[in-house]
Amino acid sequence: MTSNSLPMDALSEMPESAEATKPSINKPAPAVTTSSNGRELTPFAQMIVRQLNKLQKGSPVASGEYYGQPGAGDSRIIALFSTLFFIGLWALVTETGMVRPLFLPSPVDVVARMVDITLDGFSGATLGQHLAASLGRIFGSFALACLIGIPLGVAIGCSRVMRGIFDPLIEFYRPLPPLAYLPLVIIWMGIDESSKIMLIFLAMLAPVVLSARAGVSSVKIEQIQVAYSMGASRRQVVTQVILHGALPDILTGMRIAIGFGWTTLVAAEMVAAERGIGFMVLNASEFLVTDVVIAGIVIIGVIAYLFDMLMRYMETKLVPWKGQI
Amino acid sequence: MNKLKIHDVSVVYPAAQGGDPVTALNEVNLTIEQGDLVVALGASGCGKTTLLNLIAGFIRPTDGYLTLGDSRIEGYPRVAVGLDIGDEVTGPGADRGVVFQKHALLPWLNVIENTEFGLKLQGVDKQERRERAAKFLKLVGLEDFHQHKIYQLSGGMQQRVGIARALTNDPQMLLLDEPLGALDALTRESLQELLLDVWRETHKMMFFITHDVDEALLLATRLIVMSPRPGRITHEFELNFNQQFLETRNARQVKSSPEFIAMREKILAIIHGDEIAA
């Protein structure tokens, strides 16, 4: 805008609002900062107005993003509001008595009960002890599933012999619901910890194996060919090219596996458990203690979500090239 | 001195469902000797890439055979389970470096790690392989990009890393499958000159695929023109435009000489004839 060739008086003659009214290619449209009665809006209210504007008009392409990319942009603020909205709705229908506490206790009651079972416990153990038992089972099984599943999946992907041996086995058991083979696992392994870990492990193994295998086949053949043409042995191709190239898919498989683990946890803790968050929920539901059931569900959900966020963070650190190349 | 011999080689791809078998190459004969820069030119589907894959050892001939020095290139692994099949039969190996049109670099390694990858595979110690990789990165003009991630580079820079990687590994023979096809005109010319310099210095055998007639004429010591359905070599020319280019360092001058223009017309007539026939 400012040009040295313009005399100073010419500059001063320009209308003051020119800067504001002229559409600028660099700046987004000016944000609304005052309400209709002229009062300055608080920063929070300004943010609301901005969000509503965006929803109504769409937003310009942010730097570093492409026009037309489906679902582009930050959704965190919207996510925050949707979460608050549903909690608010929950509070509304319960506090006003529209829904009886037996069916849905209020959020306040659930939080109070959470504090209660943290301090005094429920069905023979405190919340911490229940959690510790379940987390031990989940992550014990997870470690086992990764230790066995990743090498197995890579081997199945790399070798026709391994694929021949293990493919039918895994494809056969994969679609079975864990509840269907739970009795068998108990008959074989007894009712102590090992059968619980086995059940969760089996539920987690299939997604880990299949994703590792898919990761192997996603490695570009040119990368493998170039490695051979630089003198790589088969072993080197596997360890230095295929394993790295399969890593994005392996991490995705690990995320899916943890999800399967939580799903199976309740089934695993159905039989002869004395502790565990799944056991706590089952026990509470038998006695119609709905607030404990909901507390348990919320806790499982929050932990699973946090772990998923950790895995996604690890993805950005371990495979920053994912989707880039 | 080693030479590559391709003897009556045919490649037939098995029939796809409901189709006929495809003869990708039909009775091809070609000898590449030390110091040859062979450029293969032809319409798409003429079997150029199949020929390169054969030499690299990625595929096997259906008929005929290829030899490099004393060993037959058959697409075998170098070491089969429990027994070293020795030097007589070989698959892909470090003696034949490959550069593809799309870079095929490893995105989990940075630029210098990619460049030294072949030496690392062969167990060269870090100090030495860093030095050799750095030398070739300087040659392709990427001395300031050692630590960059592959996906942070432009397409032209990625391709230059691919070329530096192949050169660092010091193969007897370079196989280049349209290596400059996706590059802008300026980068392309500077890399053509670079490849010619490397070729003159090292006298490596080179097998270079392109569909750019100017590029083919400028680089080749021997130009083979291939024809599709079935893929075969129809014409072969001995050229020396690359000598003129290396002397004058002026690509435009070479390309505007009457001999060059006449040759280009001749080649284009051959290729267009193919297209009209097809």
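Listed values, structure above:
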| quantity | calculated |
| --- | --- |
| Peptides B:22-32, B:251-261, B:163-173 ordered by average Cβ neighbours within 10 Å, highest first | B:163-173, B:22-32, B:251-261 |
| Simple Cβ-charge dipole of region A:132-318, Lys/Arg +1 and Asp/Glu -1, about Cα centre, in debye nearest 20 | 760 debye |
| Kyte-Doolittle mean at least 0.0, axial Cα span of 24 Å or more - DSSP H helices of chain A | A:76-95, A:127-158, A:193-218, A:243-268, A:290-318 |
| GluC sites (Glu not before Pro) restricted to DSSP loop in region A:202-287 with at most 15 other C-beta within 10 Å | A:Glu274 |
| Calculated FRET efficiency for the pair B:Asp70/B:Glu247, C-beta based, R₀ 30 Å, to 0.05 | 0.25 |
| For region B:51-205: rounded, prolate or oblate by the Cα gyration tensor [a/c cutoff 1.5] | prolate |
| Estimated FRET transfer efficiency (B:Asp184, B:Tyr13; beta-carbon r; R0 30 Å; 0.05) | 0.30 |
| Dipole of chain A, positive direction: furthest Cα of A:Ile250, A:Phe85, A:Gly68, with charges on the beta-carbon | A:Ile250 |
| Across A:Lys322/B:Lys135; B:Lys102/B:Lys135; A:Lys317/B:Lys149; B:Lys126/B:Lys149; B:Lys120/B:Lys204, pairs whose alpha-carbon gap is larger than 25 Å | A:Lys322/B:Lys135 |
| Cα shape, region B:123-278, gyration tensor, a/c 1.5 rule | prolate |
| For the protein assembly as shown, with +1 on Lys and Arg beta carbons and -1 on Asp and Glu, the positive-most of A:Leu199, B:Gly75, B:Phe58 along the dipole | A:Leu199 |
| Spin-label pair A:Phe287/A:Ile221, simplified geometry with 7 Å Cα→Cβ offset, distance in nm | 6.4 nm |
| Label-point gap, in nm, between A:Ser82 and A:Ile303 - each point 7 angstrom along Cα→Cβ | 2.6 nm |
| B:Lys266 versus A:Thr239: modelled label distance in nm, points set 7 Å from Cα along the beta carbon direction | 5.4 nm |
| About the Cα centre, charge dipole magnitude for chain B (Lys/Arg +1, Asp/Glu -1 at Cβ), debye | 520 debye |
| Dipole magnitude (debye, nearest 20) for the protein assembly as shown, charges at Cβ of Lys, Arg, Asp, Glu | 500 debye |
| Contact order normalised by residue count of chain A, Cα under 8 Å, 6+ apart, percent | 18 percent |
| Region A:132-318 shape via C-alpha gyration tensor axes, a/c threshold 1.5 | prolate |
| Theoretical gain in end-to-end length, A:Tyr67 to A:Asp116 [0.36 nm per residue, Cα-Cα removed] | 12.5 nm |
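Each reported figure results from applying straightforward, stated rules to the coordinates on display, with no laboratory input. Remember, predicted model here, so these are calculated numbers, not experimental data. Heads up, the Cβs are rebuilt from the backbone with ideal geometry, glycines too, and the neighbour counts pull from every protein chain shown.
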